[in-house]
Each structure stands twice: as structure tokens, then as C-alpha cells.
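So the structure is just underneath, and the comments pick up after that.
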Number of protein chains: 2
Amino acid sequence: MDPQQLRTFVAVVDHRSFSAAAQALGYTQSAVSQHVASLETDLEAPLLTRRPVAPTEAGERLLEHARPLLLRLDAARADVARLRQVRPGRLAVACTPGTLTPATALALVRARSAAPQLAVSVRVCGRTEAVQSVLTGGADLALVDGAVAATDPLPLPDAGPLTAFPISEEPLAVLLPAAHPLVGRPTLRLADLAVARWIDAADAAVPLAELRAAAQSDGFGHQLTYTGTDVRGLSVLVAAGAGLTTAALSAAGDLPGVVAVPISEPRIVHRTELLHPRTPTTPAAELAATLRSAQSPR
Amino acid sequence: MDPQQLRTFVAVVDHRSFSAAAQALGYTQSAVSQHVASLETDLEAPLLTRRPVAPTEAGERLLEHARPLLLRLDAARADVARLRQVRPGRLAVACTPGTLTPATALALVRARSAAPQLAVSVRVCGRTEAVQSVLTGGADLALVDGAVAATDPLPLPDAGPLTAFPISEEPLAVLLPAAHPLVGRPTLRLADLAVARWIDAADAAVPLAELRAAAQSDGFGHQLTYTGTDVRGLSVLVAAGAGLTTAALSAAGDLPGVVAVPISEPRIVHRTELLHPRTPTTPAAELAATLRSAQSPR
DNA sequence: CATCCAGTATCAGCAATACTGATACTCATG
DNA sequence: CATGAGTATCAGTATTGCTGATACTGGATG
């Protein structure tokens, strides 16, 4: 099971085509066909149906392992590479939308002015992508948020050694349209909202799967899937009555047309965590120190 | 980064020798040397010091990834292979010493008599090995125990999809020699014992690292490391005053010369969990069902 | 300090492999 | 049934990966 072949296999599944995968990888179609055939004879199982190209049951199993394997291979390379370059001229931060608060923004500005020649970059993306960026060296630091029980850490994929540190913690709130009948309530219970219409915005808010896990409920049958990291756009949908979503309690203040009501039950918090490799670059370590000491402003 | 080369690299580190690794892997020493050289040029970093052979800093980093990678590769192969053989003539159980209780033993006996032609095997080993066995297909089922906060699951390496289910939960107890001054106490606080002499028996009892994590303490400077899975031998050492260790409260009844005193603080439990692949073999699923329904006898 | 030796690096040669390019095949579509 | 987009197969070639022989090197020994 050559990683090259696994990478080809994943590309074929993603492109749903041998020839498209070949083009994407810079191989000939013949090579791709041979890679897949080699995997199939090695594992003694058909991995793909052809025409249409789709993973078989065995292929699905392999996929569950192939993606993490390839990620970890990249992470390994990045981890070794980091040893050779401890003081780069850049500071790349990957963060999920919910983590960009006045406090974190201020820390970034300070880091910027403390080292003016530093190329500081901020990328807003989904949690998975942010974690992967730090693992594979695309970013030096990540800020990710999520909703979990107060004592639990955020669930992260285990693809390598990562240092995690809680930066801020505040109540989790439901975002309601301003005209919603529940707006007056001081708090809400999540279980009472399980049957409401929700928007599943995995990259812009807390994924519904996480709420389901935290509430230990089977509800949250979502009505609408929202792809992207634009919180503003999400709030417009909420205001228009497309469905509910969640956010940190303080995050709703500047969003028009929506009202945030804290969740009292179950005991869930919205937590932001700082992630970095075990040996961060010097500017990353400094920013991390700032963020750690600043902590939550409220 | 060819997995073959990673495997070679790991073998060299383990054997602390190129030639010994070559012999173990069935290669020539020349091939091993070339594997390592290839990795080093690929990663642009020296991975090993020669004479004595030891991993460099970069080598240590790579090792952190190489072992999990190789494990997951095996797990992937095993996961696909399992699809082809859902009803084997065997039932292999890997378990840690603390999980062999009357209840689990009884379930095994029942499984045995329910399917007399089944080759039932039980292997007692450390937790890591038990988990690896299930992942790589060496075992169909695993029983592992550990000490964690009541709401947390046991910490397991994330090398593939595994189903975990709590089987029994009971107070965690400290094993004291019968003559120990604290024997009379109804309960003990772990923090008060942080400075005591401990035996770190990672494969026969709860690893001290886990206690340290649970107690959020830096103590437990152990005096003695105990390798192996023989609980009886461990209890003899405890009785002789070599140090303390922990066990499930009920486990000390049949051990001579030692007394178990439950821990009241912090709120830790001794939990046994059942592990199996997402699609267990038929006999494994039946045994799992028995164990789940039996639950804790006390 | 010279010698020795266990162990690692290097090199040439050969066998196996991993691509490409051409071509045969095969299923879905009109 | 004809067509075409897409996959499988095959021969040929460049590359890789291993072995066996040999050169090299650092640490132990007297």
C-alpha cells in the first residue's frame, strides 16, 4: 500500500473519474488505472465501481484510513521541516469565524506592531482546514472554536502532536430572528429547540453534529446546509427565518436582525482554543503568549 | 516517504543498529543504509546519529509520526480484510489484566459453550497492545481498563474507527500493604498520596501517567517500574512495601497481603471498556452483546 | 599510539518496478 | 445500432530498489 497509490485512489474518488484524477495528479490515465488495480490486487477486494466511479464498501473502509494517513504523512514532513526554520519572516494564523473577537484581533495587531517586518496573514476557514493547516505547516497558529461540555477539550483529529490551550470561554447562545417568539426569554434549553428548523453551518458556526453530541439528542434535523465561513451571511439567513444557529453569546451584538439567547441546559460552553505545533516558531510563540495572558475579556 | 523506509527507520531505532534491523527485516545491511539515507535526503535532515545509533531531534519527530502511521496502515489493511471474512472459526479476545473479572470470565465461558466448535482465545496484555490487536485484526474484541473522570471516555489512540462501550465502572482503590498505617481509613485522597512511593506498572495496573493526569498533579514520582501483566506478582511487591499501586476496588479481594482503600478525591472511576471494530465478526458481536447486557455485577 | 574490529557507507550490477503511449475494450447515450 | 467518453491492457523504456563486494570510520584494546 504505497501512499502514492492511496493518494491516487483518494483523487479518483474525489473526482469520480480516473482520467480527471490523472490530470489533477499529473499522471497518465494508464498510471491511475494501474495504481487502483495494484491496490485492488494487494487488498484482494474491489475498491471502486467503474462507470459510474464510486467507492465500494471496501473502498469506503479504505477511504476512512487513507485520508488521515495522507494527512499524517504531510504532518510528519512538516514537523521535521519546522526544525530547520525556527525564525521565519512570516506569521500565518488560521482561524474559524467564531474566534475573531476584539480580544484576538487586538493581540494580532500588537504582534504586527511589535515586529513590523513580519508578514502577518490571517486565514478564516473551517475547523478541519484550520487544524490541517497547522499540522501540515500551512499555518503557524490556529484559533478554533466549538461547543462542548465545560470540562471537555474540543474534539480534534489525532494526526500528530498539537498543543491546545483554551483562550476564552463564554456561554453558548442560540441566534434567533429578532421577531422570534422566544426572543424575550432570558435563557433557553437546547432540548426544547431540537425540533426547530436549524441551519447546519459547519464552517461558519458550531456544527449541528456537535450540538447533537452535546445535547445527547437525535434531533436537530436541519433544514438548510450553509457552506462557507461568512458569519454575516449566515445571520442574514437567520434573520430571514431560514433557521436557527448558535454562536458565542457576545458574538451577536454586531449582527443586525438577530438576537442571541444563552443556552442554560445542557451545560455547554462556547470555547475558543489556541492550537500550535509543539515547537512553534518564535513569532507564533509570542502571539500565543499574548493570547494566553489576555484571556477572555468578559 | 515510503512506508517501507519508515518501517526500516523504526526498526533501526528499536534495534539501535543498522545491521540488526536488516537481519530483523530480512534485508541486507546495505538496503537498510540506503533506506535511511533516502529518508534523510528526502527530509533534508539527519535522522540518526551513527555509532551509537540513536535518533536525532528530527528523528524523534519523525518517530512520533512513523509508529502511528505504520499502525494505521496495518489497521487499514485489517479493516478491508474483515469484509471478506465475517464468520471465522475463532474468537480472539485481548484484554488488560484489570478486566478479567468473574463477570467477564463468565461471559466468555457462555460464549464458548454456545458455540463449541469455536476456537476461543484470550490474551492478556497491556492496553496499547490490546488496542493495536483489535485495530490490526489480531483480536476480534478487546477489554481495556483505566482510571478517568466519571464523564470521560478512556483515552485511546486514534488509529481508526473503533467502537467503545463501557462495561463496568467501580471506585478506584489504592492497594496498600496490609501493615500500612493508612489501612484503617474508609477512603483516601489521591493528592495525599502523591508523595508516596509508587510502582509504575503500565501493563498490569493503571499507568501512573494516567493518575497524574486525573489528579492534575505533578507528583507520583515512582520508585519502581514494573513491566509485565502479572497482577499477582505486582501485589506481592506491594505487600512487601515496594510501593503502592491502584486497582478496581473489587479486584483486591483475592490478593493476599494487600488491602484496597477507595479513593474519594478526585472523582475518578475505574472503568472497563469493550472495544471492537465497527463491524465485528459474528461471534465477537454475540460476546459483546452478552458483556453489554451483563454490565457491572456490583 | 597502533591495531583491530564491529559496524556503516558506497558502488556496480542486475532484477523488478513504474511510468508512458498506443490500442483494445466497454458501457451509457441518443 | 452507432457513437463516444472513459477504463483496461500491453509493450517498451527509464527508473528504482535490492544484493554482494568493498571501502571507510569510530571506539575499544593492549
*Counting only residues 5 or more places away or on other chains, whose amide H sits under 5 Å from the amide H of B:Trp198 once H atoms are built in the peptide plane?*
B:Gln223, B:Leu224, B:Leu244
*asked:* Below 8 Å between Cα atoms, with a sequence gap of 6+, how large is the relative contact order for chain B in percent?
replied: 22 percent
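To the nearest whole number, what is the average tally of beta carbon atoms from other chains within 10 Å of the beta carbons of peptide A:72-84?
Across the residues of A:72-84, the mean count of other-chain Cβ atoms within 10 Å is 6.
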*Would you mind listing the distances between the B:Gln23 label point and the same position in each other copy? Use 7 Å along Cα-to-C-beta, nm, one decimal, shortest first.*
5.5
*Determine one quarter of the surface area of the Cα convex hull of the stretch B:144-298, which equals its mean projected area, and express it in nm² to one decimal.*
9.7 nm²
*Would you please classify the overall shape of chain B from the alpha carbon gyration tensor, given that a ≥ b ≥ c denote the square roots of the eigenvalues, rounded means a/c under 1.5, and beyond that prolate means a/b larger than b/c while oblate covers the rest?*
oblate
*Collect residues whose amide H, placed 1.01 Å from N in the peptide plane, falls under 5 Å from the amide H of B:Cys95; neighbours closer than 5 in sequence don't count.*
B:Arg123, B:Val124, B:Cys125, B:Leu143
*Along Cα-to-Cβ, 7 Å out, sits the label point; list in nm, shortest first, how far the one on B:Val120 is from those in the other copies.*
6.5
*Please find, in a Gaussian network model of chain B (springs between Cα atoms separated by less than 10 Å), the residue of B:Ala285, B:Ala202, B:Ala213 whose mean-square fluctuation is greatest.*
B:Ala213
*asked:* Using a probe radius of 1.4 Å on heavy atoms only, what accessible surface per residue do you get for chain A? Whole Å² is fine.
replied: 46 Å²
*With all protein chains present, calculate the accessible area of A:Tyr226 using a 1.4 Å probe and round the result to the nearest 10 Å².*
40 Å²
*Can you bin the stretch A:81-160 into rounded, prolate or oblate? Criterion: square roots of the alpha carbon gyration tensor eigenvalues sorted a ≥ b ≥ c, rounded for a/c under 1.5, prolate for a/b above b/c, oblate for the rest.*
oblate
*Taking a label point 7 Å from the Cα of A:Arg278 along the Cα→Cβ vector, which residues of the stretch B:192-213 have an amide N closer than 18 Å to it?*
B:209-210, B:213
*How big is the gap, in Å, between the Cα center of the stretch B:199-257 and the Cα center of the stretch A:76-139?*
43 Å
_Between A:Ala178 and B:Ser264, what is the label-point separation in nm under the 7 Å Cα-to-beta-carbon projection?_
5.7 nm
*Point-to-point label distance, A:Thr227-A:Ala194, nm (Cα→Cβ direction, 7 Å offset)*: 3.0 nm
*With a/c under 1.5 counting as rounded, go ahead and sort the protein assembly as shown into rounded, prolate or oblate using the C-alpha gyration tensor (a ≥ b ≥ c being the square roots of the eigenvalues; past the cut-off, prolate if a/b is larger than b/c, else oblate).*
rounded
*Check the axis relating chain A to chain B and name the residue of A whose C-beta is nearest, distance in whole Å.*
A:Asp158, 2
*Give the calculated FRET efficiency between A:Ala37 and B:Leu70 to the nearest 0.05, with a Förster radius of 25 Å applied to their Cβ-Cβ distance.*
0.55
*Report ³J(HN,Hα) in whole Hz for each residue of the stretch A:93-98, in order, from the Karplus equation J = 6.51 cos²θ - 1.76 cosθ + 1.60 where θ = phi - 60°; Gly and Pro get x.*
10, 10, 9, 7, x, x
*What spacing in nm lies between the two simple spin-label points modelled at B:Ala54 and B:Ser293, each 7 Å away from Cα in the Cβ direction?*
5.7 nm
*Computed log₁₀ I(q)/I(0) - Debye formula, equal Cα scatterers, no solvent, the stretch A:3-82, q 0.12, 0.17, 0.27 Å⁻¹*: -0.33, -0.64, -1.31
_If you roll a 1.4 angstrom probe over the protein chains with everything in place, what fraction of the accessible area of chain A belongs to carbon and sulfur, to the nearest %?_
54 percent
*Within a Gaussian network of chain A (alpha carbon springs, distance under 10 Å), most fluctuating of A:Thr272, A:Thr56, A:Thr101*: A:Thr56
*What net charge do the residues around A:Ala251 carry, taking every other residue with its C-beta under 10 Å from that of A:Ala251, with Lys and Arg at +1 and Asp and Glu at -1?*
-3
*Interface size A-B, as summed buried accessible area [1.4 Å probe, Å², nearest 100]*: 3000 Å²
*Distances in nm from B:Pro181 to the matching label points in the other copies, shortest first (labels 7 Å along Cα to Cβ)*: 6.8
*Calculated FRET efficiency, A:Gln29 and A:Thr163, Cβ-Cβ r, R0 41 Å, to nearest 0.05?*
0.40
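Give me the net charge for the shell around B:Arg77: Cβ to Cβ below 14 angstrom, other residues only, Lys and Arg +1, Asp and Glu -1.
-2
The values are calculated or read from the model by the stated rules, or taken from the named source; none is laboratory data. Bear in mind the structure is a predicted one, so any value in this text is a computation, not a measurement. Here the Cβ is made from the backbone with ideal geometry for all residues, glycine too, and neighbour counts use every protein chain on show. Each accessible area value is taken on the protein alone, full model and side chains, heavy atoms only, with ligands, DNA and RNA left out. Shrake-Rupley method; radii C 1.70, N 1.55, O 1.52, S 1.80 Å.
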